[in-house]
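Enquirer: Can you keep this structure in mind? I'll have questions shortly.
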Amino acid sequence: MSVAKLIVGNWKMNGLLDDSRTRAQELADAARNHKSADFEMVLCPPAPLIAMVGDIVKDTDIKWGAQDCHEQVSGAHTGDISAQMLKDLGCSYVILGHSERRQNHGETSAQVNAKAQAAQAAGLIAIICIGETDAQRSAGKADEVVTEQLRASVPETATPENTVIAYEPIWAIGTGKTASADDIRHMHALIRAKASEKVKNGAWLKLLYGGSVKQGNAGEILHIANVDGVLVGGASLKSGEFWGIAQASAEGKALSA
Ligand code: PEP
């Protein structure tokens, strides 16, 4: 399948106005100067920076998104942000069910499912994150955990147009440890098979890998079978490194499995 790789930067809770403006401007300049059909880049800054970042990249091919949304459209939900509000800010994507939200905010797969439905209803593409802990992998339960998270987090309303699934082994996030090519290949094939049972045209669903992706390993990861892109945390905070990761979409095509 020769479609553009999806390169998503999750800035997490990092950045103030000045450094974020500079990062977004550097990426916007790169996107203007080097148009590419090999990848689609998405920036997901912290909520207070979304409007500024969107304004900076809006005349480029770079899209932008958020890191979470509420499942309701509006109401008494202090501190929360609705999918409609994100759409209103020009967002195209929203990351949902990131392991940091599941772990730090007790988000369940049922909540992620409801949020994904809200995102889809608002016209956003939901990037639904799933992945096992180190202990679950060591216990030989990685496949089981990921299959169950997929079943419970992905709504019946999912289509390849409104949903992306990100496999992020928790032990690989922000640790510098990356899953092996064989493990990624195995898990992405499993996710593709399970998702295809649930989602019509599941072969077209974009599956991302996330977990310590950097410029040096992106080329190999991006060309593993069923890897349609990457979700990048730490390395998305350096514009040159992040742009290099995106550029790796075009490199090493001979490695395609
Ligand atoms: C993430 O937070 O989604 C992530 C993959 O982080 P990192 O790239 O820093 O491992």
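Enquirer: If the requirement is being under 16 Å from residue 8 (Cβ atoms) and within 16 Å of the ligand (Cβ to nearest atom), which of these qualifies: 129, 91?
Expert: Exactly one residue qualifies, and that residue is 129.
Enquirer: A further question on this structure: Is it true that residue 153 is surrounded by fewer than 20 Cβ atoms within 10 Å (Cβ to Cβ) and in contact with a strand residue (DSSP E or B) (Cβ under 7 Å, 6 or more places away or on another chain)?
Expert: no
Enquirer: Moving on to the next point. Among the candidates 79, 140, 75, 106, which residue alone is more than 16 Å from the ligand (Cβ to nearest atom), within 24 Å of residue 178 (Cα to Cα) and exposed (fewer than 14 other Cβ atoms within 10 Å of the Cβ)?
Expert: Exactly one residue qualifies, and that residue is 140.
Enquirer: Looking at region 211-224, is at least one residue without any contact (Cβ under 8 Å) to a residue 60 or more places away in the chain, in contact with a strand residue (DSSP E or B) (Cβ under 7 Å, 6 or more places away or on another chain) and among the small types (Gly, Ala, Ser)?
Expert: Yes: one or more hits.
Enquirer: Could you go through region 199-207 and let me know if any residue there is touching a Leu at 6+ places or on another chain (Cβ under 9 Å), touching a residue at least 60 places away in the same chain (Cβ under 8 Å) and of a type in the set (A, V, I, L, M).
Expert: No; the residues of region 199-207 include none that is touching a Leu at 6+ places or on another chain (Cβ under 9 Å), touching a residue at least 60 places away in the same chain (Cβ under 8 Å) and of a type in the set (A, V, I, L, M).
Enquirer: Here's something else I'd like to know. Filter region 182-202 for residues that are among the aliphatic types (A, V, I, L, M) and surrounded by fewer than 17 Cβ atoms within 10 Å (Cβ to Cβ); which is nearest to the ligand (Cβ to nearest atom)?
Expert: For region 182-202, the residue satisfying everything is 189.
Enquirer: Continuing with the same structure: Is it the case that region 249-257 has a residue that's crowded, with 17+ Cβ neighbours inside 10 Å and more than 13 Å from the ligand (Cβ to nearest atom)?
Expert: Yes, because at least one residue in region 249-257 is crowded, with 17+ Cβ neighbours inside 10 Å and more than 13 Å from the ligand (Cβ to nearest atom).
Enquirer: Additional query: Just to be sure, is residue 174 in a loop (DSSP other than H, G, I, E, B) and more than 16 Å from the ligand (Cβ to nearest atom)?
Expert: Criteria not met by residue 174.
Enquirer: Starting from region 243-257, take each residue that is modelled with pLDDT under 85 and list its partners that are of a type in the set (S, T, N, Q), counting only C-beta distances under 9 angstrom and pairs at least six apart or across chains.
Expert: Filtered contacts from region 243-257: 257/226.
Enquirer: What number of residues in region 65-79 are in contact with a strand residue (DSSP E or B) (Cβ under 7 Å, 6 or more places away or on another chain) and closer than 18 Å to residue 120 by Cβ?
Expert: 9
Enquirer: Something else: Out of (1) in a helix (DSSP H, G or I); (2) within 15 Å of the chain's Cα centre (by Cα), what's the single condition that is false for residue 209?
Expert: (1)
The values are calculated or read from the model by the stated rules, or taken from the named source; none is laboratory data. As the structure is a prediction and not an experimental result, all values here were calculated from the model. No Cβ is skipped: glycine too gets one built from the backbone with ideal geometry, and neighbour counts run over all protein chains shown.
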